[in-house]
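Notes to accompany the following structure.
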Amino acid sequence: MSERIPDAPPEILPVTATEHRPLFSVMIPSYNCMEYLAKTIESVLIQDPGKGLMQIEVVDDCSTDGDVAALVYEVGKGRVSFFHQSQNRGSLRNFETCINRANGIYIHLLHGDDLVKPGFYDEIKNLFDQYPEIGSAITNYNWVDENESESKSALQLLLKPGIIDNWLYKIASQQMVQPPAVVVKRSVYEKLGGFFAVHYGEDWEMWIRIASQYKVAYSSKCLATYRGGHSSNISTKSIFSGENFRDLSKVIDIAQNYLPQSKRKRLRLLARKNFSISYSKSAYKLFKKNHTNKTTSFKLMNGALKFDINIRSIYWSGSLCVAWLISFLKKDK
């Protein structure tokens with residue numbers, strides 16, 4: 001496999017420094033996201049508890065869209081550290097660098113185009129304080145699009161803060177969280193290793209891996225924002241290229257190793273069904289949003305139906321075909 005995509009979880013070395021460690025390491029991997037990076041940094045700084053409690057660092061993977069260092073120094077005003085990769089290493093290796101450079105107790109891998117809202121780190125600390133046995137803490141989150149319009153929060157996992165019951169089985173059946181909402185103990189990465197195997201769905205694989213070894217706590221407060229849909233986003237590129245289905249299939253196969261034998265077949269089928277429904281619905285919405293996306297919409301729908309055929313996917317497939325036919329007839333008049 002390519003050096004850019006590790007075929008096994010990369011080693012995360014323990015912190016050897018004896019001096020005081022901060023509680024949080026907010027590590028911001030960046031690559032060609034200059035348009036959004038300032039807002040990402042500002043969303044952290046507005047709730048900065050100080051150097052003694054929080055490390056903040058941008059790790060740039062040789063961006064070509066501007067002077068990232070200058071932006072970091074301007075926005076961070078000396079509070080935010082900057083590390084520049086000697087060559088472009090790809091997102092997974094950049095995440096690996098972020099985690100190994102982090103020296104805090106808890107690591108927040110905040111992608112350079114995502115955001116956190118005021119109160120995020122206080123809420124995460126409360127979860128770790130209340131449930132010291134957990135390996136990871138999660139808050140609810142929402143999405144922001146290319147027009148800076150925010151969606152409603154995601155589906156609630158719990159109504160009040162607590163440990164998620166049967167989290168391994170829930171997260172193995174579908175992707176239910178996004179990176180900006182997740183904070184992980186550094187010791188967990190040290191035990192389990194970093195991100196590997198795929199470019200798309202690497203975070204989902206990690207959340208399943210963590211859930212197989214540790215309890216996870218959750219707060220229903222919507223305190224993180226995931227930015228999806230812009231052209232430079234890795235997820236968007238993977239969807240358009242079809243890489244998403246190949247990578248998700250691989251993650252589902254890898255996840256079998258984390259599950260009890262008796263649960264594997266059912267959860268494999270359920271995961272494929274859930275992704276089929278999600279992507280068939282997305283294909284329809286993409287076409288409705290912009291009819292020029294016909295080729296991409298049908299490609300996405302085709303991939304969804306190859307993943308699994310079920311009543312809901314067939315419904316969205318039919319809806320897409322009807323929408324296309326209506327637009328074709330209108331254009332033909």
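Laid out as a table, the results:
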item: Leading residue by the ranking (most open to solvent (accessible area, probe 1.4 Å)) among those in region 160-174 that are of a type outside the set (Ser, Thr, Tyr) and in a helix (DSSP H, G or I); result: Lys170
item: Failed item, numbered, when Lys51 is tested on (1) of a type outside the set (A, V, I, L, M, F, W, C); (2) open to solvent by 30 Å² or more (accessible area, probe 1.4 Å); (3) at pLDDT 95 or above; (4) under 30 Å from Ala217 (Cα atoms); result: (3)
item: Test result for Phe82, touching a strand residue (DSSP E or B) at 6+ places or on another chain (Cβ under 6 Å), hydrophobic (A, V, I, L, M, F, W, C) and surrounded by 20 or more Cβ atoms within 10 Å (Cβ to Cβ); result: no
item: Which listed residue, of Ile309, Ile314, is assigned to a loop (DSSP other than H, G, I, E, B) and open to solvent by 90 Å² or more (accessible area, probe 1.4 Å); result: Ile309
item: Qualifying residue in region 104-119 (condition: touching a helix residue (DSSP H, G or I) at 6+ places or on another chain (Cβ under 9 Å), open to solvent by less than 30 Å² (accessible area, probe 1.4 Å) and either in a helix (DSSP H, G or I) or at positive phi (or both)); result: no
item: Residue identified as closer than 30 Å to Val144 by Cα, free of Cβ contacts under 8 Å to residues at least 60 places away in the same chain and either of a type in the set (Gly, Ala, Ser) or open to solvent by 40 Å² or more (accessible area, probe 1.4 Å) (or both) among Glu19, Glu42, Glu57; result: Glu42
item: Any hit, region 61-69, residues being surrounded by fewer than 17 Cβ atoms within 10 Å (Cβ to Cβ), farther than 16 Å from Pro180 by Cβ, among the polar types (S, T, N, Q) and in contact (Cβ under 8 Å) with a residue 40 or more places away in the chain; result: no
item: Which numbered condition Ile138 fails, given (1) in a strand (DSSP E or B); (2) touching a Ser or Thr at 6+ places or on another chain (Cβ under 6 Å); result: (2)
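The values are calculated or read from the model by the stated rules, or taken from the named source; none is laboratory data. Please read these numbers as outputs of a predicted model, since none were measured by experiment. Note that we place each Cβ from the backbone using ideal geometry, even for glycine, and neighbour counts take in every protein chain shown. These area figures cover heavy atoms from the full protein model, side chains too; ligands, DNA and RNA do not enter into them. Shrake-Rupley method; radii C 1.70, N 1.55, O 1.52, S 1.80 Å.
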